[in-house]
Each structure stands twice: as C-alpha cells, then as structure tokens.
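The values are calculated or read from the model by the stated rules, or taken from the named source; none is laboratory data. Since we're looking at a predicted model, the values are computed, not measured. Cβ placement follows ideal geometry from the backbone for every residue including glycine, while neighbour counts extend to all protein chains displayed.
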Amino acid sequence: MKKVAVFGASGFAGTAVVERLLKKPDIDVVAIIHSDGNAWRLSRRKDLALRQVDITVREQVRAVMENVTHVVNCTRGSDTVMLKGLEILLSEAKLAAVEQFVHISSVLIYGDRPATESVHETAAPDPQGNAYGVLKLKQDEMVQSAAGKGLPATIICPPNIIGPYSLFLGGLVEMIKSDKVGLLEGDHACVTVDVDNLAKAIELALFGGDGSGSRYFVTDDHAATWAELTGYLCGLAGKQKLMPLTAQEIESRLQTPPVSYNPLRSLKHLVSSDVREALRKDPLLCKGDMFLRGLIAKLPGNLEDRVRLGVEGPTRVAKVDHAPAINWAFCAAQLRDVAHSCERLQRDLGYTPDHSFAESMSAYVRWYNRMHGYDTGFADILKRLA
Amino acid sequence: MPYKLAVIGVGKISLASHIPAALASPLVSLAAFVDPDVKRAKSFADEFGLDIEIAARIGDLKGSVDGALIAAPNHLHAPLAIECLENGLDVLIEKPLASTVAEGRAITEAEQKTGKTVSVGYCTRHYPNYRLFKDLLARQYFGRVHKFAYQFGTPGGWSTFSNYLMDRQTVGGGVLVVTGTHFLDRMLDLFGFPDELSLQDDSLGGPEANARLLMSFGEGETQIQGYAHFSKSAKLRSGMVLDTEKGHVLLADNQTDLTLYPHDSPDIALKLHRTAPGRQRANQFQLQIEDFVHSCRNGQPPAVSARDGLLSLELLEAAYANRRAFAENWFEE
C-alpha cells in the first residue's frame, strides 16, 4: 500500500491531485492543509480525513510523515512558507525515506519574456526579476539539491491552470467584464494545462519519475492562443470581443517614467499641508503649527498667499483620460508567446492529457453557467448581479 | 447603566465582529470572556485592553453579568444557551439558533420557562437596504413580486480556531447553514415559509460546499418563485434581485441603497435610499447587540426572536430532507 501525503491539498491543484488519488484503491491519501477556511471542496468528502499542519513547524511535518511513501508539494504562501517550509518538507521527506517527492513549479521561472529556447526544459531558467518566478526557481534549486543528496524528487512545471474552478479563468472573466483586457493583434500562444491533466502528470511523476530532480513541463494537447482562450470567456462576460492592442502599445504603457530627485521639492513636501495635517494630530506640534500660521497670517499684503503658493504650488488639474482602464501588466502576459512543450513528459513518463484544451474550456463554461444560475429560469434577473 | 455582557466563545467571529461591536456601543459594557481556552481568551482581552473576568465555564463566573453573547461552535449553542437561561442570563446566540430543530425547541422551551430574552444573530436583518426594501414591499411600492434570486459565493472563507466547520455534525450541515441561513432568515421574514422547496448540494457525506435552493410561495397568479445559490468554492457577487411588477430590484448585500430597473424605462436605473438615514451607518453587529439590549430592558421582542431562529432551523431541515446531488458533470455535454 502506498501512502501519499499531499501538502497544500486545499488549493486548486492540490484538490485535483487528492481527488484523483482517492480513486486508486492501492493508495492511502493524506490530505494536508494549512487552515480549514479554504478546504471546503475536500471537507465535503466523508471518505477523507484532513490533517492541519503548519509546514514551517518541523514537529508538525514530522508527525504526518509517518509511513508516508510519496509526497506532493502544492503549497503556496509567504516567502517563509515557500522557502523555510519547503526546506523542512524536503529534510523530513528524506528522513522518512520517501520514494518520490513531487514538487509543483511554475513556467514563471523563465520570466515574463521567456527566451525562445525555453520551449524545452533544457533551457536555463531566468525569472528576469519576476518576484514569483525568482521564488519558484529558488524552490526548484532546493528540490534539485535534495535530489542530488539522495531524496528522489521530480519537478512538474505548469503554465496557466484551467478547468472548472480555475481562479485564473475566473479572474480573466472579471477583467473582460470590466474592459481591463485587450487582445494583442496576431496569434500569440497562451499555454495552459487543465487541472486534471496536471494531476495526471503529478501521478505519473509520483510512481514513474526517476527521482533525479528533473523538471517537466506539463501542458494541454496544443498550445492555444489568447484569441482562442478569450473567445470562450467573452460570452460569459457579456462581451462580443476584446479591444485590439499592439505590442508597441503594451510596451510603452509598461515603461515607468524616470525618477528625478529635487531637494527643494522634497523640502516643500515636508512643510506641505498634507504633512502638517498629519503632524497636527500631536497636540504640541498642533500648537506650534497654529503659532506659525498665525505669524504668516500677520504678514502684509498678499505675502501669505505667495508663501502658500510657493510651498504647495499652483492648483493642478489632471487630464481626464477616457481610454479604458486596461490592466497593462496582465496584458503583457500575451507577449510571452512561448509554447512550452510537454514532449519530455510524454517521452519519459508516457503522459497524454485526459482532456483537450477545447474540452477543458467547454467544461469551464458549463461550470460557470451552472454556478451563476444561468442554466435556470432565473438567468434574466441573475444577470443583474454580473 | 451599561448592560453587562459576557462573550461565550472567544473565536474568530467574536474577535472580528462581536467584541468590536460591543466595545463601540455606549449601551454595553464587556464584563467577561468565557472560553475553555482561558489562556487564549486572556491574551485577546489584553489585546483589546480589557481588564475583565476570564472563565472557562459559565458556572465559574464570579462577577455579575446581565446577559451573554454565545459565539461557540453550532452544536454547543443549545447546552450553553440553556445553561445561561437557567442562570438568569438573557442570550444573544450567533446564528444559527442551534444545530438541529430539536435543540432549537429546547432553547425556546427554556426561554418560556425562565422568562428571559433570546435573540438570534441574524445580523443581516439590520442591513439598511434590506430594511428599506421590506418597508417598500409592505407599502406595495413595487407591485407584485414574481420571482427572486439570491447568490453568495467565496472561494473558501473563514477559518476557525476549532476547525468545527469541517465536520457536518458540529455545523449541522454545510454552506447552507454557514452562509445561506442569513439569507433564508431574511427570506422567511419577507415571504414566510415556502410551500415547495428542493435543494441540490454537493455533499459527499461532509459539509456541502455548494447549495442551490429552488422554492415557491403561494399559488396561482400570486405565486412567487425563488432561487438561491450559496458557494464556498466559487466567487459569486452577493445580492438579491427580484422581478416585480414595476421592474427588477437589486439589493446588493450591506448597502444603504437599492436599485430599481423599471420595466417601462430599460435605459435607466433608479437608486432608492432613505432621506433620513438614521443610524444605518452603524455596523450591523452593533445594531444587533443594541437591539438585544433594548429588548432585554424593555421587554419588547428582539428583531430576530428564538421563534424566528427555530423557523430557520425547520427550513434547513426541510431543505436537507429534500436534497439531491448537485450535478458536477462538467465534462459531459
């Protein structure tokens, strides 16, 4: 009997892994969560006992590792959870002599603009400053180091995770509704993996991985485009199509203006009304401020106004921008345009996706409509809540 | 003289809502915390700067207390409430009244026997736009109501100290109890007990994460159809929409206004709110505690009585008795 501990079991990926493994009669699943608040999809099952563990506390991790033969790490959280927690998981897994440790990484370890060669895992990762990518790469390195020291481990590297309950798709629908997303002209890859396909890849890695710390991309059957993906979602958001964008437009919007330092301006900020208002909360400083204002008020002629104008500057009226409030940082994801390939996963572990991209997206649409009551006679009034 | 209140169960809901509401109210003085984890209760009292009595059990309280707010796990509501009532304390019980109808009846019997006040923490009755809507409905401002729909959904939710939400027995159900009961209480208040109801939920033996109710009230031309979906796995914009003779009416949760979309002018939306807002800016938990205190002092029934709470439990049990599986066949055409 294999005993698989799934850490981060209440997350989107973790839940799918647990649900998949529960169907296997020869596997004993230990679902490990951080708190009960997000565990509703799992706690509705009577056939599953949830264990609550803080992975940054070694004793708690050790207590659940008893007789565990395989570990899946789907945890997310603060930097402490991601790094200190992972360090504890790896060392306790080694101590428990687990047969395989499967870790979930992210394609963001290749950054926001991956190099073209990152189609394959052989390319060297470079997060290019993407904070999440940097953290995930650090984790990958820790897992590979542990594999080098005798803990059989495999890394599964997913792109955007789709399927029913997908938070990525849910967020995208909301952004489409509020006109925050445009569509980059041309066909640009949006690599996805259905959450069930991801769970299948994890299962294959658990029982078929060579444990050398290898990294595997996992994707759906074909590299979808953003046009295809958003095509499924526009209807849910009540939109016909997205505003067309050019790469140049996205690039220019992402550029931040250079910072210029001006000591005089900084000094004026120190005596500005905003700062003085905050300081006036202190009774002594308030008294001092009132005294100074009294002195300035006694100045002859229009000197008081000139002092005020000198400190605060003239009244500024911002230009009213009628352009839609596009989320440019999100739209920049369309510039990634690299279709990571799961060939290696297919070749080494025999991976084939259970659901095609089209099936997964149709399932999401069905899920969304049902969750929102659009399959009932109340759809007309429920759309008022959209 | 402020009303001396003990908080029984110093958990997440007490810390986030009830204690701040009691502290904000000039009518109330927090007198004690009762919690089996005395050390944790003491540390929270210190965090709020409260020098109050801390006890593990109600029977251990030494100082004088007028009433208690019970915010313990659902299955403990009945024994705690009955103990309080028998010790001469009024009780405000966090929703639901209890975890079963039988336990709820035991509370109402104890209320009658002791003559003390019992109120149930359905704080959403104090939403300003709900009170406005109820008032306008009574004045037949919108004409006939044909149907209504309500939804509330968050991917995940509260985490508790005791983990009681993961156990169907301690909750008394699932999302229908934890989230849905607030709306069901308001629905009972507006339309009474439904003549027909059916529930679809996704429980696999544990607390369900999704519950979808279909209901009807009355018959013939005046019949009202109702729909409600509560979810702990999907984000759903919360609120109620009604199809009335005059138009669609939208009540977003916890707002001061409501919106009317008139049938005869589909290009406009009318925002309705009271010209004299009164105390509607106060937080609903504070309004709830103050309503409870007024009730205890004046002998008037509280906004939500034990009888109302019992009716909610009867509705929950009737719904679960008529449940069927919520289809999750997303990959089938």
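The figures follow:
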read-out	value
Exclusive hit being more than 30 Å from A:ILE250 (Cβ to Cβ), of a type in the set (A, V, I, L, M) and part of a loop (DSSP other than H, G, I, E, B), set A:LEU299, A:LEU309	A:LEU299
Top-ranked residue in region B:186-221 [being within 11 Å of chain A (Cβ to nearest Cβ) and among the acidic types (Asp, Glu); ranked as farthest from B:ARG131 (Cα to Cα)]	B:ASP202
Residue within region B:222-232 that is at the interface with another protein chain (Cβ under 7 Å from one of its Cβ atoms), in contact with a strand residue (DSSP E or B) (Cβ under 8 Å, 6 or more places away or on another chain), over 14 Å from A:ALA379 (Cα atoms) and not in a strand (DSSP E or B) present	yes
Filter pass, A:SER78 being within 13 Å of the chain's Cα centre (by Cα) and farther than 21 Å from A:ALA205 by Cα	yes
Selection from region B:304-333 of residues that are of a type outside the set (Val, Ile, Thr) and in contact with a Phe, Trp or Tyr (Cβ under 8 Å, 6 or more places away or on another chain)	B:ASP308, B:GLY309, B:LEU311, B:SER312, B:GLU314, B:LEU315, B:TRP330
Condition met for B:ALA211 (buried (at least 22 other Cβ atoms within 10 Å of the Cβ) and touching an Asp or Glu at 6+ places or on another chain (Cβ under 6 Å))	yes
Residue under evaluation B:HIS263, criteria (1) more than 9 Å from every other protein chain (Cβ to nearest Cβ); (2) farther than 16 Å from B:LEU184 by Cβ; (3) buried (at least 21 other Cβ atoms within 10 Å of the Cβ), criterion not met	(3)
Residue list for region B:118-173, filter: at the interface with chain A (Cβ under 9 Å from one of its Cβ atoms), without any contact (Cβ under 8 Å) to a residue 60 or more places away in the chain, on the phi < 0 side of the Ramachandran plot and touching a Leu at 6+ places or on another chain (Cβ under 9 Å)	B:MET166
Matching residues, region A:109-165, being assigned to a loop (DSSP other than H, G, I, E, B) and within 16 Å of the chain's Cα centre (by Cα)	A:GLY111, A:ASP112, A:PRO127, A:GLY129, A:ASN130, A:PRO158, A:PRO159, A:GLY163, A:TYR165
Failed item, numbered, when A:GLU312 is tested on (1) surrounded by fewer than 13 Cβ atoms within 10 Å (Cβ to Cβ); (2) modelled with pLDDT under 80; (3) over 30 Å from A:ASP112 (Cα atoms)	(1)
Residue within region A:149-157 that is within 30 Å of B:ASN210 (Cβ to Cβ), in contact with a Phe, Trp or Tyr (Cβ under 9 Å, 6 or more places away or on another chain) and assigned by TED's automatic domain parsing to the domain that holds A:LEU206 present	yes
Residues being free of Cβ contacts under 8 Å to residues at least 12 places away in the same chain and either aliphatic (A, V, I, L, M) or surrounded by 20 or more Cβ atoms within 10 Å (Cβ to Cβ) (or both) - total across region B:283-329	1
Qualifying residue in region B:149-160 (condition: within 21 Å of B:TYR320 (Cα to Cα), buried (at least 23 other Cβ atoms within 10 Å of the Cβ), within 16 Å of the chain's Cα centre (by Cα) and at pLDDT 95 or above)	yes
Answer from A:ALA205, A:ALA147 - the residue that is of a type outside the set (Ser, Thr, Tyr) and touching a helix residue (DSSP H, G or I) at 6+ places or on another chain (Cβ under 7 Å)	A:ALA205
In region A:332-386, the residues that are more than 8 Å from chain B (Cβ to nearest Cβ), assigned to a loop (DSSP other than H, G, I, E, B) and not small (Gly, Ala, Ser)	A:ARG336, A:ASP337, A:VAL338, A:HIS340, A:CYS342, A:TYR351, A:THR352, A:PRO353, A:ASP354, A:TYR374, A:ASP375
Scope region B:13-52; condition crowded, with 17+ Cβ neighbours inside 10 Å, out of contact with any helix residue (DSSP H, G or I) (no Cβ under 6 Å at 6 or more places or on another chain) and of a type in the set (Ser, Thr, Tyr); matching residues	B:SER14
Given (1) in a loop (DSSP other than H, G, I, E, B); (2) polar (S, T, N, Q); (3) without any contact (Cβ under 8 Å) to a residue 40 or more places away in the chain, index of the condition A:GLN60 fails	(1)
